[in-house]
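The values are calculated or read from the model by the stated rules, or taken from the named source; none is laboratory data. These numbers come from a predicted model, not from an experiment. We place every Cβ from the backbone using ideal geometry, glycine too, and count neighbours over all the protein chains shown. Ligands, DNA and RNA are stripped out before the accessible areas are found, and what is left, the full protein with its side chains, is counted by its heavy atoms. Shrake-Rupley method; radii C 1.70, N 1.55, O 1.52, S 1.80 Å.
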Amino acid sequence: MSDSKTPTIKVHQLGWVLVFAIVYADIGTSVFYVPGILYNSIGNLATVAQFITTGVFISIALKYVEICERCPDGGGVVSVVREAFSAFEFLPLVGGSFITVDYFLTSAISGVAGLYYLSSLMPETKDLVVMASMVLFLVLILINIIGIKESASVTSSFAMAEIIVTFLLLGWAFFQITFNQKYSWGGWWNSITHPGVPLSFSTIMIGYATTWLAYSGLESVAQISGAMKTPVKFTASKAMWWVIGTVAI
């Protein structure tokens, strides 16, 4: 006879919307600050760099869908490395360590950068950014302790708000280029085809490396495959195509 009070582990509870929200939020504010860093580094070649890297970004996103299918219990690339190189036990440890460092860097950079954006509206709060970031990280830890679905639900709210802001910015840019006499679609296209910056090996490497800051966080989808609704491949694939579309836009 089973004990009705025995707690059960909830699995396969995340639909594609929540999976999309987790991955998109993990990418975070990178989609906003990376174009600025690129423009300061390589000028008008920034657009070309983003086009080139987006193609690689799509292939890697689809690779993670395959990893979710191959490792439906989670573990992501760590599980894949352990399966592929079982004779080298240190390799999964190294891979997991890099992913952990990546998570810390992504959360720190995105969290602090996001609060600095807000402090630009209220300059007197700038000195509180670091402390506020630490408090928010603690809150995030507590939410994740409560449960992955609860964490994903909170994350989805912020992700949807970020998407709304993105489309507002796109709409404003479209309006300015179309109706403001200072700008034109021809001038925009000319800045891409004639960037005024020599296309050299150095600029290509700077552009490629910098653009990848915007895409760090994709690996989080493979870590939560054990919590995705079945079939895992369908859930992961739909979520990642939405990530690809939103980030590319």
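Which one of Ala152, Ala209, Ala21 has the biggest mean-square fluctuation once the chain is modelled by GNM with Cα springs under 10 Å? Among Ala152, Ala209, Ala21, the largest mean-square fluctuation in the Gaussian network model of the chain belongs to Ala209. Solvent-accessible area per residue in region 76-118 equals 65 Å², computed with a 1.4 angstrom probe and all protein chains kept.
Treating each Cα of region 33-183 as one equal point scatterer and applying the Debye formula with no solvent, the log10 of I(q)/I(0) at q = 0.14 Å⁻¹ comes out as -1.10. Counting only Cβ charges, +1 for Lys and Arg and -1 for Asp and Glu, the dipole size of region 11-115 around its Cα centre is about 200 debye. Here region 95-141 yields Rg over Rh of 1.09, to two decimals, using C-alpha coordinates and the Kirkwood radius.
Counting Cα-Cα pairs of region 93-249 in 10 Å increments starting at 0 gives whole-percent bin shares of 8, 24, 34, 23, 10, 1.
Overall, region 61-181 carries a charge dipole of about 120 debye about its Cα centre when +1 sits on the Cβ of Lys and Arg and -1 on the Cβ of Asp and Glu, all other atoms neutral.
Split the accessible area of region 78-235 by element, probe 1.4 Å, and carbon with sulfur accounts for 75%. Computed per residue of the chain from DSSP H runs no shorter than four, each worth -39500 (n - 2.57), the mean residue ellipticity at 222 nm is -24000 deg cm²/dmol. Of the chymotrypsin sites (Phe, Trp or Tyr not before Pro) found in region 147-249, the ones in coil according to DSSP and having at most 15 other Cβ atoms within 10 Å of their Cβ are Tyr183. Between the beta carbons of Tyr39 and Thr178, assuming R0 = 30 Å, the FRET efficiency works out to 0.90 to the nearest 0.05. Which residue, Gln176, Gln50, Gln223, tops the fluctuation ranking in a GNM of the chain built on C-alpha contacts under 10 Å? Highest fluctuation among the options: Gln176.
In order along region 142-151, the phi-based Karplus estimate (6.51 cos²θ - 1.76 cosθ + 1.60, θ = phi - 60°) of 3J(HN,Hα) comes to 4, 5, 5, 5, 4, x, 6, 5, 5, 4 Hz; Gly and Pro are listed as x. Who wins for biggest fluctuation among Leu14, Leu115, Leu199 in a Gaussian network model of the chain, springs between alpha carbons below 10 Å? Between Leu14, Leu115, Leu199, it is Leu199 that shows the largest mean-square fluctuation. Coupling constants for region 37-52 follow from the phi torsions by the Karplus curve (6.51 cos²θ - 1.76 cosθ + 1.60, θ = phi - 60°), and in residue order they are 4, 4, 5, 5, 8, 10, x, 5, 6, 4, 5, 4, 4, 5, 4, 5 Hz; glycine and proline get x. Take region 135-210 with all the other protein chains still there, run a 1.4 Å probe, and you get 74 Å² of accessible area per residue.
Considering region 179-236, its Cα convex hull presents a mean projected area of 7.9 nm².
Note on Leu118 and Ala161: the model spin-label points, each 7 Å out from Cα along the C-beta direction, lie 0.7 nm apart. Summarising the amide proton neighbourhood of Gly74: residues at separation of 5 or more, or on other chains, whose placed amide H is nearer than 5 Å comprise Ser225, Gly226. Each residue of region 232-237 was assigned a 3J(HN,Hα) from its phi angle through the Karplus expression (A = 6.51, B = -1.76, C = 1.60, θ = phi - 60°), giving 4, 4, 5, 4, 5, 5 Hz with x at Gly and Pro.
Residues whose amide H lies under 5 Å from that of Leu14, counting only those 5 or more places away or on a different chain, are Met228, Lys229; hydrogens are built 1.01 Å from N in the peptide plane. Each Lys and Arg contributes +1 and each Asp and Glu -1, all at the Cβ; summed about the Cα centre of the chain, the dipole is approximately 400 debye. For the chain, what number of Lys pairs, 8 or more residues apart or on separate chains, have alpha-carbon atoms under 30 Å from each other? Within the chain, the lysine pair count is 15. Compared with the dominant Cα axis of the chain, that is its longest principal axis, helix 16-27 is turned about 60°.
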